[in-house]
1. Quick one: which residue in 5, 23, 9 is of a type outside the set (Gly, Ala, Ser), in a loop (DSSP other than H, G, I, E, B), at pLDDT below 85 and open to solvent by 40 Å² or more (accessible area, probe 1.4 Å)?
2. Taking the range 142-156 on its own, how many of its residues are among the charged types (D, E, K, R), without any contact (Cβ under 8 Å) to a residue 24 or more places away in the chain and under 11 Å from residue 123 (Cα atoms)?
3. Name the pairs whose Cβ atoms lie under 9 Å apart, with the first residue in the range 107-124 and among the basic types (Lys, Arg), the second open to solvent by less than 60 Å² (accessible area, probe 1.4 Å) and in a helix (DSSP H, G or I), and 6 or more positions between them or separate chains?
4. Any residue at all in the range 53-67 that's more than 24 Å from residue 142 (Cα to Cα), open to solvent by less than 40 Å² (accessible area, probe 1.4 Å) and not in a loop (DSSP other than H, G, I, E, B)?
5. I'm checking my understanding of the structure. Among residues of the range 94-117 that are touching a strand residue (DSSP E or B) at 6+ places or on another chain (Cβ under 8 Å) and open to solvent by 70 Å² or more (accessible area, probe 1.4 Å), which one is nearest to residue 138 (Cα to Cα)?
6. Go through the range 24-53 and count every residue that is under 15 Å from the mean Cα position of the chain (by Cα) and under 20 Å from residue 14 (Cα atoms).
7. Which of the residues that make up the range 66-110 are under 18 Å from residue 30 (Cβ atoms), within 18 Å of the chain's Cα centre (by Cα) and of a type outside the set (A, V, I, L, M)?
8. Which condition breaks for residue 75 when tested against (1) open to solvent by 40 Å² or more (accessible area, probe 1.4 Å); (2) outside any strand (DSSP E or B)?
Amino acid sequence: ELVGERGEEKLHDSDANGYMSSEDQQHLVMQNITIPAGTKKKIEKLIGSRIPQIRIPIKDGSLTKKLLETNKPTILKTPKDIQAWLREFIGTVGLSDKLRKRLQKLIPQIYKLLPYKFVLSTPLHSKDGPIGLVDIAKSEPFTEDDIAQFERISSQLTTIIQRKQVEQTLQENEERLKIAGTIAYDLIYEWVVGDDRLARHGDAVLRHAE
């Protein structure tokens, strides 16, 4: 429904990875990993561990920040470009220094294992700034039609993400209001003069004595 029949055919020939900015806008968090299962196993065997959750720091001067802040898709089409993007992953939060150093040395080998030679990176922008990134990887060069279509898809994804964020915020606010209402209810007291007591309009009654 999102991309249409022609778009689905194109996506079947490629792999898409989605990334979302963290709440503090300090990291880009991969939402899914779509490399073929066989390739994933080879990479994990090469690095000696499972592929960790990718959580890339967004730093000044980094390729990650450059890709996020541009207003148009960027094509990574040389081994140097794609390996530079892979090196951004090594900044993932939580990696041990030992694994980080090992990955740094293995980037050329990891690149050779991947079945892709071209990556189209498209930022997702809201009115408040970048909220994420989608990259599409293919073995063949991207055409102008590909680029235009993926721009439209990214625009639709941005709209969907923003709507979901609004729905989530409304739900969270509703929950907060319920909690606040419960607390307020428990804290409402009425002075009962004749009985010399405080009646709480909640679950308990407190007596007051001089």
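The values are calculated or read from the model by the stated rules, or taken from the named source; none is laboratory data. Quick caveat: nothing in here was measured; it's all calculated off a predicted structure. As a convention, Cβ positions derive from the backbone with ideal geometry for all residues, glycine included, and neighbour counts pool all protein chains shown. These accessible areas exclude ligands, DNA and RNA; they are computed on the full protein's heavy atoms, side chains included. Shrake-Rupley method; radii C 1.70, N 1.55, O 1.52, S 1.80 Å.
1. On the way: 5 fails: in a loop (DSSP other than H, G, I, E, B); 9 fails: in a loop (DSSP other than H, G, I, E, B).
Just a single option satisfies the conditions, and that option is 23.
2. So the answer is 0.
3. As it stands, the answer is 117/82, since those pairs meet every condition given.
4. Scanning the range 53-67, I find at least one residue that is more than 24 Å from residue 142 (Cα to Cα), open to solvent by less than 40 Å² (accessible area, probe 1.4 Å) and not in a loop (DSSP other than H, G, I, E, B), so the answer is yes.
5. Step one: filter the range 94-117 for residues touching a strand residue (DSSP E or B) at 6+ places or on another chain (Cβ under 8 Å), giving 94, 114, 116-117.
Then keep just the ones that are open to solvent by 70 Å² or more (accessible area, probe 1.4 Å); that gives 94, 117.
Values: 94: 29, 117: 6 Å.
The qualifying residue nearest to residue 138 (Cα to Cα) is 117.
6. Going residue by residue through the range 24-53, those that are under 15 Å from the mean Cα position of the chain (by Cα) are 24-34, 52-53.
Within this subset, residues satisfying the condition of being under 20 Å from residue 14 (Cα atoms) are 30-34.
Within the range 24-53, residues that are under 15 Å from the mean Cα position of the chain (by Cα) and under 20 Å from residue 14 (Cα atoms) number 5.
7. Just the residues of the range 66-110 that are under 18 Å from residue 30 (Cβ atoms), to begin with: 66-68, 74, 76, 82-95, 99-100, 103, 107, 110.
Now narrow it down to the ones that are within 18 Å of the chain's Cα centre (by Cα): 66-68, 85-86, 88-94.
Selection gives 66, 85, 88, 89, 91, 92, 94.
8. (2)
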